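Remarks on the structure that follows.
The values are calculated or read from the model by the stated rules, or taken from the named source; none is laboratory data. Predicted model, so just to flag it, every value in this text is computed and none were measured. Backbone-built Cβ (ideal geometry, glycine too); neighbour counts: all protein chains shown. What goes into the accessible areas is simple: the full protein's heavy atoms, side chains included, and nothing from ligands, DNA or RNA. Shrake-Rupley method; radii C 1.70, N 1.55, O 1.52, S 1.80 Å.
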Number of protein chains: 2
Amino acid sequence: MDKKQQILSAALRLFVANGFDGTPTAKIAIEAAVANGTLFYHYKTKEELIVALYNQLKEEQANYILPIITGSGFITDKFRDIFIHSVHWALSNPDKFYYIQQFNFSPHLAVVPKQVLKQQTIIYENFIEEGIKRKLLKQQDPELIIALFNGQVYGIYHYLTSAEFTPALREKTINESYEMVWDMMKYM
Amino acid sequence: MDKKQQILSAALRLFVANGFDGTPTAKIAIEAAVANGTLFYHYKTKEELIVALYNQLKEEQANYILPIITGSGFITDKFRDIFIHSVHWALSNPDKFYYIQQFNFSPHLAVVPKQVLKQQTIIYENFIEEGIKRKLLKQQDPELIIALFNGQVYGIYHYLTSAEFTPALREKTINESYEMVWDMMKYM
DNA sequence: TTATATTTAGACTGATTAATCAGTTTGTAA
DNA sequence: TTACAAACTGATTAATCAGTCTAAATATAA
(Lines give C-alpha, C1' and ligand atoms only; values in the text may rest on other atoms or scores of the structure.)
Protein backbone atom coordinates (compact mmCIF):
# COMPACT_ATOMS: atom_id res chain seq x y z
CA MET A 1 0.00 0.00 0.00
CA ASP A 2 2.54 2.55 1.13
CA LYS A 3 4.47 2.95 -2.08
CA LYS A 4 7.00 5.28 -0.52
CA GLN A 5 7.97 2.59 1.97
CA GLN A 6 8.08 -0.05 -0.76
CA ILE A 7 10.52 2.10 -2.67
CA LEU A 8 12.72 2.64 0.40
CA SER A 9 12.75 -1.07 1.23
CA ALA A 10 13.63 -2.04 -2.32
CA ALA A 11 16.32 0.63 -2.43
CA LEU A 12 17.85 -0.66 0.81
CA ARG A 13 18.04 -4.20 -0.49
CA LEU A 14 19.55 -3.23 -3.83
CA PHE A 15 21.97 -0.58 -2.57
CA VAL A 16 23.38 -2.99 0.00
CA ALA A 17 23.69 -5.77 -2.57
CA ASN A 18 25.07 -3.74 -5.48
CA GLY A 19 26.15 -0.35 -4.19
CA PHE A 20 24.89 3.07 -5.18
CA ASP A 21 26.35 2.92 -8.67
CA GLY A 22 25.37 -0.67 -9.25
CA THR A 23 21.65 -0.09 -8.81
CA PRO A 24 19.72 1.74 -11.51
CA THR A 25 16.59 3.58 -10.43
CA ALA A 26 14.69 1.48 -12.93
CA LYS A 27 15.57 -1.68 -11.00
CA ILE A 28 14.52 -0.10 -7.72
CA ALA A 29 11.12 0.66 -9.22
CA ILE A 30 10.74 -2.90 -10.50
CA GLU A 31 11.84 -4.41 -7.17
CA ALA A 32 9.35 -2.15 -5.40
CA ALA A 33 6.61 -3.18 -7.84
CA VAL A 34 6.07 0.46 -8.66
CA ALA A 35 6.09 2.50 -11.84
CA ASN A 36 9.21 4.38 -12.82
CA GLY A 37 7.37 7.68 -12.58
CA THR A 38 6.18 6.94 -9.05
CA LEU A 39 9.74 6.80 -7.80
CA PHE A 40 10.49 10.20 -9.25
CA TYR A 41 7.15 11.52 -8.09
CA HIS A 42 8.17 10.93 -4.47
CA TYR A 43 11.90 11.59 -4.79
CA LYS A 44 12.98 14.25 -7.24
CA THR A 45 16.41 12.66 -7.73
CA LYS A 46 18.19 9.43 -7.00
CA GLU A 47 20.30 11.28 -4.45
CA GLU A 48 17.21 12.52 -2.65
CA LEU A 49 16.14 8.90 -2.29
CA ILE A 50 19.56 7.85 -1.01
CA VAL A 51 19.53 10.58 1.62
CA ALA A 52 15.90 9.97 2.62
CA LEU A 53 16.70 6.32 3.21
CA TYR A 54 19.68 7.26 5.37
CA ASN A 55 17.62 9.63 7.48
CA GLN A 56 14.93 7.03 7.99
CA LEU A 57 17.38 4.40 9.13
CA LYS A 58 19.18 6.77 11.50
CA GLU A 59 15.86 7.69 13.04
CA GLU A 60 14.88 4.06 13.37
CA GLN A 61 18.19 3.31 15.05
CA ALA A 62 17.81 6.21 17.46
CA ASN A 63 14.23 5.27 18.34
CA TYR A 64 15.43 1.84 19.31
CA ILE A 65 17.81 3.26 21.91
CA LEU A 66 15.92 6.34 23.08
CA PRO A 67 13.54 4.59 25.51
CA ILE A 68 16.51 3.24 27.44
CA ILE A 69 17.97 6.70 28.01
CA THR A 70 14.71 8.33 28.99
CA GLY A 71 13.46 5.33 30.98
CA SER A 72 13.97 4.68 34.67
CA GLY A 73 16.74 2.59 36.15
CA PHE A 74 20.31 2.87 37.38
CA ILE A 75 22.56 4.85 35.09
CA THR A 76 25.16 2.08 35.05
CA ASP A 77 22.53 -0.40 33.90
CA LYS A 78 21.61 2.02 31.16
CA PHE A 79 25.15 2.03 29.81
CA ARG A 80 25.01 -1.73 29.55
CA ASP A 81 21.56 -1.67 27.99
CA ILE A 82 22.55 0.89 25.39
CA PHE A 83 25.56 -1.15 24.34
CA ILE A 84 23.70 -4.45 24.21
CA HIS A 85 20.79 -2.92 22.34
CA SER A 86 23.05 -1.13 19.86
CA VAL A 87 24.81 -4.37 19.04
CA HIS A 88 21.54 -6.26 18.82
CA TRP A 89 20.05 -3.67 16.50
CA ALA A 90 23.06 -3.92 14.21
CA LEU A 91 22.97 -7.72 14.20
CA SER A 92 19.19 -7.93 13.67
CA ASN A 93 19.32 -5.32 10.93
CA PRO A 94 22.61 -6.00 9.19
CA ASP A 95 21.41 -4.42 5.95
CA LYS A 96 20.42 -1.21 7.69
CA PHE A 97 23.61 -1.06 9.72
CA TYR A 98 25.66 -1.75 6.60
CA TYR A 99 23.79 0.90 4.62
CA ILE A 100 24.49 3.53 7.27
CA GLN A 101 28.21 2.74 7.12
CA GLN A 102 28.17 2.68 3.33
CA PHE A 103 26.53 6.09 3.35
CA ASN A 104 28.92 7.47 5.98
CA PHE A 105 31.85 6.63 3.72
CA SER A 106 30.38 8.10 0.58
CA PRO A 107 30.16 11.59 -0.89
CA HIS A 108 26.44 11.56 -0.10
CA LEU A 109 27.23 12.27 3.55
CA ALA A 110 28.35 15.75 2.52
CA VAL A 111 24.81 16.72 1.51
CA VAL A 112 23.47 16.06 5.02
CA PRO A 113 23.78 19.31 7.00
CA LYS A 114 26.21 19.02 9.91
CA GLN A 115 23.52 20.35 12.17
CA VAL A 116 21.31 17.36 11.39
CA LEU A 117 24.14 14.95 12.17
CA LYS A 118 24.92 16.76 15.41
CA GLN A 119 21.28 16.60 16.44
CA GLN A 120 21.37 12.83 16.18
CA THR A 121 23.99 12.49 18.93
CA ILE A 122 22.91 15.27 21.29
CA ILE A 123 20.72 12.95 23.37
CA TYR A 124 23.63 10.60 23.97
CA GLU A 125 25.90 13.47 24.83
CA ASN A 126 23.80 14.77 27.70
CA PHE A 127 23.53 11.27 29.05
CA ILE A 128 27.26 10.60 28.88
CA GLU A 129 27.94 14.01 30.43
CA GLU A 130 25.93 13.04 33.45
CA GLY A 131 27.96 9.85 33.84
CA ILE A 132 31.16 11.89 33.75
CA LYS A 133 29.91 14.40 36.32
CA ARG A 134 28.88 11.61 38.67
CA LYS A 135 32.38 10.17 38.34
CA LEU A 136 31.10 6.91 36.93
CA LEU A 137 32.92 7.49 33.64
CA LYS A 138 36.45 8.64 32.89
CA GLN A 139 36.94 12.40 32.89
CA GLN A 140 37.14 12.83 29.14
CA ASP A 141 35.31 14.73 26.42
CA PRO A 142 31.85 13.12 26.09
CA GLU A 143 32.28 13.09 22.33
CA LEU A 144 35.46 11.05 22.68
CA ILE A 145 33.67 8.52 24.85
CA ILE A 146 30.80 8.32 22.36
CA ALA A 147 33.25 7.88 19.49
CA LEU A 148 35.07 5.05 21.27
CA PHE A 149 31.77 3.50 22.29
CA ASN A 150 30.58 3.52 18.69
CA GLY A 151 33.93 2.13 17.64
CA GLN A 152 33.25 -0.82 19.92
CA VAL A 153 29.84 -1.46 18.40
CA TYR A 154 31.49 -1.30 14.99
CA GLY A 155 34.25 -3.67 16.11
CA ILE A 156 31.99 -6.31 17.57
CA TYR A 157 29.65 -6.13 14.61
CA HIS A 158 32.59 -6.98 12.35
CA TYR A 159 33.68 -9.79 14.61
CA LEU A 160 30.26 -11.39 14.92
CA THR A 161 29.51 -11.14 11.21
CA SER A 162 32.89 -12.48 10.10
CA ALA A 163 31.96 -16.05 11.03
CA GLU A 164 29.09 -18.22 12.22
CA PHE A 165 28.22 -18.18 15.91
CA THR A 166 25.58 -20.10 17.83
CA PRO A 167 23.02 -17.79 19.45
CA ALA A 168 24.32 -18.73 22.89
CA LEU A 169 27.93 -17.99 22.01
CA ARG A 170 26.87 -14.77 20.37
CA GLU A 171 25.17 -13.54 23.53
CA LYS A 172 28.08 -14.63 25.66
CA THR A 173 30.46 -12.71 23.41
CA ILE A 174 28.31 -9.59 23.50
CA ASN A 175 28.12 -9.68 27.30
CA GLU A 176 31.83 -10.25 27.74
CA SER A 177 32.57 -7.53 25.23
CA TYR A 178 30.50 -5.16 27.29
CA GLU A 179 32.60 -5.96 30.33
CA MET A 180 35.59 -4.93 28.27
CA VAL A 181 33.89 -1.76 27.07
CA TRP A 182 32.96 -0.94 30.62
CA ASP A 183 36.55 -1.45 31.76
CA MET A 184 37.46 1.08 29.13
CA MET A 185 34.92 3.73 30.12
CA LYS A 186 34.58 3.41 33.88
CA TYR A 187 36.09 5.97 36.21
CA MET A 188 38.44 3.75 38.21
CA MET B 1 57.63 8.06 -14.69
CA ASP B 2 55.69 5.21 -13.21
CA LYS B 3 52.34 5.57 -14.92
CA LYS B 4 50.81 2.74 -12.93
CA GLN B 5 51.48 4.59 -9.71
CA GLN B 6 50.20 7.84 -11.19
CA ILE B 7 46.95 6.11 -12.05
CA LEU B 8 46.60 4.68 -8.53
CA SER B 9 47.32 8.05 -6.92
CA ALA B 10 44.82 9.84 -9.12
CA ALA B 11 42.25 7.13 -8.51
CA LEU B 12 42.70 7.45 -4.74
CA ARG B 13 42.14 11.21 -4.83
CA LEU B 14 39.09 11.03 -7.06
CA PHE B 15 37.43 8.01 -5.46
CA VAL B 16 37.72 9.60 -2.03
CA ALA B 17 36.39 12.92 -3.29
CA ASN B 18 33.58 11.63 -5.48
CA GLY B 19 33.02 7.97 -4.71
CA PHE B 20 33.32 4.98 -7.01
CA ASP B 21 30.31 5.91 -9.12
CA GLY B 22 31.17 9.60 -9.19
CA THR B 23 34.53 9.13 -10.86
CA PRO B 24 34.70 8.16 -14.52
CA THR B 25 37.76 6.29 -15.66
CA ALA B 26 38.29 9.08 -18.16
CA LYS B 27 38.75 11.58 -15.34
CA ILE B 28 41.19 9.28 -13.57
CA ALA B 29 43.25 9.13 -16.76
CA ILE B 30 43.22 12.92 -17.11
CA GLU B 31 44.12 13.45 -13.45
CA ALA B 32 46.95 10.95 -13.84
CA ALA B 33 48.12 12.72 -17.02
CA VAL B 34 47.82 9.47 -18.88
CA ALA B 35 45.93 8.34 -21.93
CA ASN B 36 42.61 6.63 -21.46
CA GLY B 37 43.92 3.47 -23.01
CA THR B 38 46.89 3.33 -20.66
CA LEU B 39 44.58 2.90 -17.74
CA PHE B 40 42.93 -0.09 -19.37
CA TYR B 41 46.27 -1.44 -20.49
CA HIS B 42 47.32 -1.82 -16.85
CA TYR B 43 43.92 -2.66 -15.38
CA LYS B 44 41.54 -4.71 -17.48
CA THR B 45 38.48 -3.19 -15.82
CA LYS B 46 37.59 -0.33 -13.51
CA GLU B 47 36.91 -2.87 -10.80
CA GLU B 48 40.37 -4.35 -11.18
CA LEU B 49 41.78 -0.88 -10.56
CA ILE B 50 39.59 -0.38 -7.50
CA VAL B 51 40.72 -3.70 -6.01
CA ALA B 52 44.39 -3.14 -6.89
CA LEU B 53 44.31 0.18 -5.09
CA TYR B 54 42.77 -1.44 -2.04
CA ASN B 55 45.42 -4.15 -1.93
CA GLN B 56 48.19 -1.62 -2.23
CA LEU B 57 46.87 0.50 0.61
CA LYS B 58 46.33 -2.49 2.89
CA GLU B 59 49.88 -3.58 2.24
CA GLU B 60 51.20 -0.09 2.91
CA GLN B 61 49.26 0.01 6.17
CA ALA B 62 50.57 -3.39 7.25
CA ASN B 63 54.17 -2.49 6.38
CA TYR B 64 53.91 0.52 8.65
CA ILE B 65 53.06 -1.66 11.65
CA LEU B 66 55.05 -4.80 10.90
CA PRO B 67 58.46 -3.57 12.14
CA ILE B 68 56.96 -2.95 15.57
CA ILE B 69 55.73 -6.52 15.89
CA THR B 70 58.92 -8.13 14.65
CA GLY B 71 61.21 -5.66 16.43
CA SER B 72 62.68 -6.01 19.90
CA GLY B 73 61.17 -4.57 23.06
CA PHE B 74 58.68 -5.39 25.77
CA ILE B 75 55.44 -6.85 24.53
CA THR B 76 53.38 -4.33 26.49
CA ASP B 77 55.29 -1.48 24.86
CA LYS B 78 54.53 -3.05 21.52
CA PHE B 79 50.80 -2.94 22.18
CA ARG B 80 51.06 0.78 22.85
CA ASP B 81 53.28 1.32 19.82
CA ILE B 82 50.92 -0.52 17.52
CA PHE B 83 47.95 1.50 18.67
CA ILE B 84 49.74 4.84 18.46
CA HIS B 85 51.20 4.02 15.07
CA SER B 86 47.88 2.79 13.73
CA VAL B 87 46.18 6.02 14.74
CA HIS B 88 49.02 8.10 13.38
CA TRP B 89 48.95 6.29 10.07
CA ALA B 90 45.23 6.92 9.76
CA LEU B 91 45.60 10.59 10.64
CA SER B 92 48.60 11.14 8.35
CA ASN B 93 46.89 9.32 5.51
CA PRO B 94 43.23 10.23 5.89
CA ASP B 95 42.52 9.58 2.22
CA LYS B 96 43.98 6.12 2.37
CA PHE B 97 42.23 5.26 5.63
CA TYR B 98 38.96 6.60 4.25
CA TYR B 99 39.36 4.65 1.01
CA ILE B 100 39.87 1.40 2.91
CA GLN B 101 36.65 1.98 4.87
CA GLN B 102 34.80 3.00 1.72
CA PHE B 103 35.95 -0.20 0.07
CA ASN B 104 35.10 -2.33 3.09
CA PHE B 105 31.49 -1.14 2.89
CA SER B 106 31.09 -1.63 -0.82
CA PRO B 107 30.24 -4.60 -3.03
CA HIS B 108 33.85 -4.58 -4.24
CA LEU B 109 34.94 -6.26 -1.00
CA ALA B 110 33.18 -9.41 -2.15
CA VAL B 111 35.65 -9.89 -5.01
CA VAL B 112 38.61 -10.07 -2.62
CA PRO B 113 39.07 -13.72 -1.63
CA LYS B 114 38.50 -14.31 2.08
CA GLN B 115 41.86 -16.03 2.21
CA VAL B 116 43.60 -12.81 1.19
CA LEU B 117 41.77 -10.84 3.88
CA LYS B 118 42.64 -13.47 6.48
CA GLN B 119 46.27 -13.36 5.49
CA GLN B 120 46.37 -9.64 6.27
CA THR B 121 45.58 -10.20 9.95
CA ILE B 122 47.48 -13.39 10.65
CA ILE B 123 50.59 -11.54 11.84
CA TYR B 124 48.56 -9.62 14.39
CA GLU B 125 46.82 -12.76 15.51
CA ASN B 126 49.97 -14.60 16.53
CA PHE B 127 51.15 -11.55 18.39
CA ILE B 128 47.88 -11.10 20.27
CA GLU B 129 47.82 -14.81 21.02
CA GLU B 130 51.14 -14.55 22.79
CA GLY B 131 49.81 -11.73 24.93
CA ILE B 132 46.86 -13.86 25.91
CA LYS B 133 49.00 -16.86 26.78
CA ARG B 134 51.26 -14.72 28.92
CA LYS B 135 48.19 -13.46 30.75
CA LEU B 136 48.83 -9.87 29.78
CA LEU B 137 45.58 -9.69 27.82
CA LYS B 138 42.08 -10.85 28.65
CA GLN B 139 41.37 -14.52 27.93
CA GLN B 140 39.33 -13.98 24.80
CA ASP B 141 39.43 -14.98 21.14
CA PRO B 142 42.36 -13.10 19.57
CA GLU B 143 40.12 -12.12 16.69
CA LEU B 144 37.69 -10.47 19.07
CA ILE B 145 40.50 -8.47 20.64
CA ILE B 146 41.75 -7.43 17.21
CA ALA B 147 38.24 -6.43 16.16
CA LEU B 148 37.75 -4.30 19.27
CA PHE B 149 41.22 -2.85 18.88
CA ASN B 150 40.45 -1.85 15.30
CA GLY B 151 37.13 -0.45 16.47
CA GLN B 152 39.07 1.84 18.76
CA VAL B 153 41.31 3.08 15.97
CA TYR B 154 38.18 3.69 13.92
CA GLY B 155 36.52 5.51 16.83
CA ILE B 156 39.40 7.81 17.61
CA TYR B 157 39.94 8.56 13.94
CA HIS B 158 36.34 9.75 13.72
CA TYR B 159 36.70 11.82 16.86
CA LEU B 160 39.94 13.52 15.83
CA THR B 161 38.75 14.28 12.32
CA SER B 162 35.35 15.62 13.43
CA ALA B 163 36.88 18.89 14.63
CA GLU B 164 40.11 20.87 14.75
CA PHE B 165 42.69 19.93 17.37
CA THR B 166 46.08 21.44 18.14
CA PRO B 167 48.92 18.95 17.60
CA ALA B 168 49.56 18.91 21.35
CA LEU B 169 45.95 18.18 22.22
CA ARG B 170 45.82 15.57 19.51
CA GLU B 171 48.78 13.69 20.96
CA LYS B 172 47.40 14.00 24.46
CA THR B 173 44.08 12.57 23.29
CA ILE B 174 45.75 9.68 21.50
CA ASN B 175 47.80 8.81 24.58
CA GLU B 176 44.86 8.99 26.92
CA SER B 177 42.78 6.95 24.52
CA TYR B 178 45.43 4.30 24.59
CA GLU B 179 45.17 4.14 28.36
CA MET B 180 41.48 3.47 27.87
CA VAL B 181 42.16 0.83 25.23
CA TRP B 182 44.65 -0.80 27.51
CA ASP B 183 42.14 -0.83 30.36
CA MET B 184 39.89 -2.67 27.97
CA MET B 185 42.36 -5.31 26.87
CA LYS B 186 44.58 -5.93 29.89
CA TYR B 187 44.23 -9.11 31.91
CA MET B 188 43.37 -7.60 35.32
C1' DT C 1 -19.84 15.92 -7.07
C1' DT C 2 -15.69 18.04 -7.85
C1' DA C 3 -11.13 18.80 -7.28
C1' DT C 4 -6.71 17.25 -5.97
C1' DA C 5 -3.21 13.90 -5.28
C1' DT C 6 -1.32 9.65 -6.53
C1' DT C 7 -0.29 6.00 -9.71
C1' DT C 8 0.41 3.55 -14.03
C1' DA C 9 3.08 1.95 -18.31
C1' DG C 10 6.57 2.67 -21.16
C1' DA C 11 8.57 5.28 -24.90
C1' DC C 12 12.03 8.69 -25.15
C1' DT C 13 16.27 11.64 -24.70
C1' DG C 14 20.47 13.54 -23.94
C1' DA C 15 24.35 12.88 -21.55
C1' DT C 16 27.72 9.87 -19.74
C1' DT C 17 30.48 5.94 -19.55
C1' DA C 18 33.40 1.63 -19.63
C1' DA C 19 35.90 -0.55 -22.65
C1' DT C 20 37.98 -1.32 -27.32
C1' DC C 21 41.17 -1.11 -30.95
C1' DA C 22 44.26 0.11 -34.58
C1' DG C 23 48.17 2.22 -34.54
C1' DT C 24 52.48 4.90 -32.33
C1' DT C 25 56.32 5.42 -29.24
C1' DT C 26 60.00 3.70 -26.33
C1' DG C 27 63.67 0.98 -24.43
C1' DT C 28 66.59 -2.68 -25.24
C1' DA C 29 69.12 -6.20 -27.11
C1' DA C 30 70.77 -8.76 -31.13
C1' DT D 1 70.56 -0.80 -37.98
C1' DT D 2 67.13 -3.91 -37.26
C1' DA D 3 63.90 -6.35 -34.49
C1' DC D 4 60.70 -6.89 -30.98
C1' DA D 5 57.86 -6.47 -27.07
C1' DA D 6 56.01 -3.71 -23.78
C1' DA D 7 54.01 0.55 -22.90
C1' DC D 8 51.20 3.94 -24.50
C1' DT D 9 47.77 6.74 -27.22
C1' DG D 10 43.17 8.85 -27.99
C1' DA D 11 39.34 8.64 -31.02
C1' DT D 12 35.49 5.67 -31.35
C1' DT D 13 31.70 2.66 -29.96
C1' DA D 14 28.00 0.40 -27.94
C1' DA D 15 25.52 0.43 -23.97
C1' DT D 16 23.60 2.34 -19.87
C1' DC D 17 21.25 5.39 -17.08
C1' DA D 18 18.83 9.34 -14.65
C1' DG D 19 15.25 11.73 -15.42
C1' DT D 20 11.14 13.38 -18.57
C1' DC D 21 6.88 13.10 -20.67
C1' DT D 22 2.24 11.72 -21.90
C1' DA D 23 -2.29 10.48 -21.25
C1' DA D 24 -5.20 7.73 -18.79
C1' DA D 25 -6.69 5.51 -14.39
C1' DT D 26 -7.56 5.40 -9.58
C1' DA D 27 -7.84 6.91 -5.11
C1' DT D 28 -8.73 10.59 -1.40
C1' DA D 29 -10.82 14.26 0.53
C1' DA D 30 -13.50 18.67 0.64
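In chain B, the sites counted are trypsin sites (Lys or Arg not before Pro) in DSSP loop states with at most 14 other Cβ atoms within 10 Å, and the longest stretch holding none of them, exclusive of the sites, is B:45-133. Take each residue of peptide B:11-23, count the partner chain Cβ atoms within 10 Å of its Cβ, and average: the result is 3. Between residue A:137 and A:132, A:187, the built amide H atoms are under 5 Å apart, and every one of these is 5 or more places off in sequence or on another chain. Normalised by the number of residues in the range B:53-185, the mean separation of alpha-carbon contacts (under 8 Å, six or more apart) gives a relative contact order of 29 percent.
Looking at the range B:53-185, the accessible area is 47 square angstrom per residue; that uses a 1.4 Å probe and ignores ligands, DNA and RNA.
The A-B contact accounts for approximately 3200 Å² of buried accessible area, totalled over both chains at a 1.4 Å probe radius.
Computed from the C-beta positions of residue B:121 and residue A:120 and an R0 of 35 Å, the FRET efficiency is 0.65 to the nearest 0.05.
Per the Cauchy relation, a quarter of the hull surface: what is the mean projected area of the convex hull of the alpha carbons in the range A:47-145, in nm²? Mind showing how you got there, number by number?
On the way: hull surface 26.9 nm².
Spelled out: convex hull of the Cα atoms, projected over all directions, averaged, 6.7 nm².
Positive end of the dipole of the range B:67-128 (Cβ unit charges, origin at the Cα centre): among B:84, B:72, B:119, the Cα lying farthest that way belongs to B:119.
Along its principal axes, the range A:104-149 has C-alpha extents of 39, 17, 11 angstrom, given from the largest down. Annotation for residue A:27 and residue B:33: the two label points, set 7 Å from Cα along the Cα-Cβ direction, are 3.8 nm apart.
Compute for the range A:1-44: radius of gyration divided by Kirkwood radius, i.e. Rg/Rh, restricted to C-alpha atoms, rounded to two decimals.
Values: Rg = 9.4 Å, Rh = 10.1 Å.
Reported Rg/Rh (Cα atoms, Kirkwood Rh): 0.93.
Here the Gaussian network model covers chain B, with springs between Cα atoms less than 10 Å apart; of B:87, B:34, B:16, B:34 fluctuates the most.
With runs of 4+ DSSP H residues as the only contributors, calculate the mean residue ellipticity of chain B at 222 nm using -39,500 (n - 2.57) per run, divided by the residue total and rounded to the nearest 500. Kindly include the intermediate steps, with their values, before the conclusion.
Numbers: 9 runs with 143 residues, N = 188.
Helices in chain B give a 222 nm mean residue ellipticity of -25000 deg cm²/dmol.
In a reduced charge model with +1 at each Lys and Arg Cβ and -1 at each Asp and Glu Cβ, chain A shows a dipole moment near 240 debye about its Cα centre. Checking the cross-link pairs A:96/B:58; B:96/B:135; A:58/B:138; A:78/B:133 against a 29 Å limit on the alpha carbon distance flags B:96/B:135; A:58/B:138; A:78/B:133 as lying beyond it.
Percent of Cα-Cα pairs more than 20 Å apart in the range A:100-188, please. Walk me through the intermediate numbers first.
Details: 1959 of 3916 pairs.
Percentage above 20 Å: 50.
Provide the net charge surrounding residue B:142, with neighbours chosen by a C-beta distance below 11 Å and charges set as Lys +1, Arg +1, Asp -1, Glu -1. Result for the neighbourhood of residue B:142: -3. Annotation for the range A:74-179: chymotrypsin sites (Phe, Trp or Tyr not before Pro) lying in DSSP loop with at most 10 further Cβ atoms inside 10 Å of their Cβ are A:74.
Distances from residue B:76 to itself in the other copies, using label points 7 Å out along the Cα-Cβ axis, amount to 2.6 nm in increasing order. Placing A:72, B:177 in order of accessible area, with the largest value first and a 1.4 Å probe, yields A:72, B:177.
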